[in-house]
Amino acid sequence: EDQVTQSPEALRLQEGESSSLNCSYTVSGLRGLFWYRQDPGKGPEFLFTLYSAGEEKEKERLKATLTKKESFLHITAPKPEDSATYLCAVQARSGNTPLVFGKGTRLSVIA
Amino acid sequence: NAGVTQTPKFRILKIGQSMTLQCAQDMNHNYMYWYRQDPGMGLKLIYYSVGAGITDKGEVPNGYNVSRSTTEDFPLRLELAAPSQTSVYFCASSYGYRGKNTEAFFGQGTRLTVV
């Protein structure tokens, strides 16, 4: 069974304090790993897709990396507007499999 | 270009009532999904569809039904609502080709309370 575990569940940072969020996955062959941002009361918003180990993608203060077992979302010098829940999801290689999501990491950035 | 549109945004149901959550997308995506999200939990897949006329169960399908008669629409039907179905429901769509999907686009959600 495909599984996604995110840690920590919640993270509180001071503005400018860099950190990383973890997404560990167990999947029968990875087709893609997706990172989303979700603000309260809204639907998830797409950030990145990673397809193979060693791949990295960046967007503003966010950088996503991928290994064979896990992905990291690095947040450099965060600002209060980066506060949100960050969700990780995987798609397995077999068949027409939909995305399997982790429970998310709730990030709070304090000014 | 509206993306994924869900209606209604909020709804209160009494136990035993039925309702249909509507979802429409205008991106010509072949894949569509219904997820539910409970407080502090991730998204759990209820049903999904890989194209018109094709649907499949996800992780938590009991108490729900879907149909996909067109590419654009993917309604979710709740029969005999129960308090356990109180949740926020998200519809999403993506483009899939030969098993590889683009990112999924989500609607704004329907907040359902069953009392």
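Laid out as a table, the results:
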| item | result |
| --- | --- |
| Cα centroid separation, region A:47-87 to region A:1-45 (Å) | 8 |
| Rel. contact order, % - alpha carbon contacts under 8 angstrom, at least six apart, chain B | 35 |
| Inter-chain shielding of B:45-56 (mean C-beta neighbours from other protein chains, 10 Å cut-off) | 2 |
| Leading residue at positive end of dipole, region A:1-101 (Cβ point charges), from A:T26, A:P8, A:F48 | A:T26 |
| Too-long pairs where the Cα-Cα distance tops 19 Å, listed order kept, from A:K103/B:K100; A:K79/B:K9; A:K103/B:K44; A:K59/B:K9; A:K59/A:K79; A:K69/A:K103 | A:K103/B:K100; A:K79/B:K9; A:K59/B:K9 |
| Total formal charge among the other residues, if their Cβ is under 14 angstrom from that of B:T113, Lys/Arg +1 and Asp/Glu -1 | +4 |
| Contact surface B-A: accessible area buried, both sides summed, square angstrom, 1.4 angstrom probe | 1800 |
| Shielding by other protein chains, B:35-44, mean Cβ within 10 Å | 5 |
| Local net charge near A:P8, Cβ-Cβ under 13 Å (Lys/Arg +1, Asp/Glu -1) | +2 |
| Mean projection area, nm², convex hull over Cα of chain B | 6.8 |
| For A:A84, distant residues with modelled amide H under 5 Å away | A:L107 |
| Computed P(r) (all Cα pairs; chain A; 10 Å bins; percent) | 15, 49, 29, 6, 0 |
| Net charge contributed by nearby residues that have their C-beta within less than 14 Å of B:M27 (K/R +1, D/E -1) | -4 |
| Average Cα contact separation per residue, chain A, under 8 Å, 6 or more apart, as relative contact order % | 37 |
| Farthest toward positive dipole pole in region B:3-115 [+1 Lys/Arg, -1 Asp/Glu at C-beta], among B:T113, B:T20, B:V88 | B:T113 |
| Amide proton proximity set for A:L13, modelled H, under 5 Å, gap of 5+ | A:S108, A:V109, A:I110 |
| Heavy atoms of B:F10 accessible to a 1.4 Å probe, total area in Å² rounded to 10 | 150 |
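The values are calculated or read from the model by the stated rules, or taken from the named source; none is laboratory data. This one's a predicted model, so the numbers in the text were calculated from it and none came from an experiment. Cβ sites come from the backbone with ideal geometry, for glycine too, and all protein chains shown count toward neighbours. Only protein heavy atoms, including side chains, enter the accessible area calculation; ligands, DNA and RNA are left aside. Shrake-Rupley method; radii C 1.70, N 1.55, O 1.52, S 1.80 Å.
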